[in-house]
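None of the figures in this text is laboratory data; all of them are computed from the coordinates on show. Everything numeric here is computed off the predicted structure, so don't read it as measured data. With ideal geometry, Cβ positions are generated from the backbone for all residues, glycine too; neighbour counts draw on all protein chains shown.
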Amino acid sequence: MSMQQDLAGRVALVTGAGAGIGRATASLLAARGAIVGVNDLKEELVDAAVAGIIAEGGKAFAVTQNVATREGITEAVQRAAEQGGRFDILVNNAAWVRYQSVPDIQPETMDRMLDIGFKAVVWGIQAAAAMMDPERGGAIVNVASTAALKSAPNSIVYSGIKAGILGITRAAAAELGARNIRVNAVCPSAVPTEGTQRNRNAERDARRVASTPLGRLGTVQDIASGIVFLASDEARFITAQGLVVDGGITFTTL
């Protein structure tokens, strides 16, 4: 089977797939042959993403669902499994992000970030593991961030959540490996998306480019490529890892 269709017949769910990294990942999974459940809270985003995949010859279906609760993410996984007749790949991508200085952190903001960006990852792993066939195995990819590895102001909650995702990933991999389920994470640097638009400006982007050995900002397609690699059989002996996709900016100094 060619790499272009190496995921043929496998059923995937991508949370937060209405835009940005999630949408790019859903599109690439479908291009590689997977049947993709596209999840987001906003129906119009989900419908547009599904229509785009189908227009490109892929297979996708809508899973419009709030995944901020255990019940929500569990239902999303179950719906994907029912729609596809099996369940093979979960990409925990959904997040809600606010950057706040120490004096400005509010309980409501932190709780929402934790519900969507941390707890939903745990509940998603729980639900996915219950649906995956131990004979076929499965792959779970959690979207962390280089913020888990490198300090930045105004990001105590965000950095803590993303570092926690790496811990979740390793612990889940240790437990679920016996069931032939691989669990990995990607750690993307900041890439231009609809969601990051409010925190970007030309000066900051220029500094990032100047500090990146590969000399450019990443794209959502760059991150999606890392995610789909980890979900594929090309990574069949890789688990418990955090793949940094950042053009080299995190661990180098220029």
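General remarks:
- Linear extension gain, GLU82 paired with THR252, 0.36 nm per residue minus alpha-carbon span: 56.7 nm
- Dipole of the stretch 3-245, positive direction: furthest Cα of LEU28, MET132, GLN100, with charges on the beta-carbon: GLN100
- As computed over the stretch 137-240, the Cα convex hull volume per residue (Å³): 111 Å³
- 5 angstrom amide H check on ALA185, placed H, neighbours 5+ away: ASN142, GLN241, GLY242, LEU243
- In a reduced charge model with +1 at each Lys and Arg Cβ and -1 at each Asp and Glu Cβ, the chain shows a dipole moment near 540 debye about its Cα centre.
- Selected from ILE156, ILE73, ILE181 as most flexible by GNM, with the chain as the system and alpha-carbon contacts under 10 Å: ILE156
- Among PRO153, PRO213, PRO192: highest mean-square fluctuation, GNM of the chain, C-alpha pairs under 10 Å: PRO153
- Check: the stretch 122-225 dipole with +1 on Lys, Arg Cβ and -1 on Asp, Glu Cβ, in debye: 320 debye
- Derived scalar couplings between HN and Hα for the stretch 167-182 equal x, 4, 4, 5, 5, 5, 4, 4, 7, 8, x, 5, 9, 6, 10, 8 Hz in order, rounded to whole Hz, by the Karplus curve 6.51 cos²θ - 1.76 cosθ + 1.60 (θ = phi - 60°), x for Gly and Pro.
- The relative contact order of the stretch 3-245, computed from alpha carbon pairs under 8 Å that lie at least 6 residues apart in sequence, is 19 percent.
- For the stretch 100-115, the Karplus equation 6.51 cos²θ - 1.76 cosθ + 1.60, evaluated at θ = phi - 60°, returns couplings of 9, 6, 3, x, 9, 5, 10, x, 5, 5, 4, 4, 5, 4, 5, 4 Hz by residue, with Gly and Pro reported as x.
- Shape of the stretch 39-136 from the C-alpha gyration tensor: oblate (a/c of 1.5 or more and a/b not above b/c, with a ≥ b ≥ c the square roots of its eigenvalues).
- Distance between the stretch 197-254 and the stretch 1-74 - C-alpha centres, whole angstrom: 21 Å
- Folded to 0 to 90 degrees: helix 220-231 orientation relative to the chain principal axis, Cα: 50 degrees
- Using Cβ point charges alone (K and R +1, D and E -1), the dipole size of the stretch 69-161 about the Cα centre works out to roughly 220 debye.
- Signed unit charges on C-beta, dipole axis of the chain, positive-most listed residue VAL183, GLY167, PHE61: GLY167
- Globularity index of the chain, i.e. its alpha-carbon radius of gyration over 2.2 N^0.38 Å: 0.96
- Per-residue ³J(HN,Hα) for the stretch 205-210, Karplus 6.51 cos²θ - 1.76 cosθ + 1.60, θ = phi - 60°, Hz, x for Gly and Pro: 4, 5, 5, 5, 4, 5
- For the stretch 57-114, alpha-carbon Rg over 2.2 N^0.38 Å: 1.52
- Calculated [θ] (222 nm, deg cm²/dmol) that DSSP helices of n ≥ 4 give over the chain, each run adding -39,500 (n - 2.57): -13000 deg cm²/dmol
- Extension reserve of the ASN180-ARG112 stretch, reckoned as 0.36 nm per residue once the Cα distance is removed: 21.2 nm
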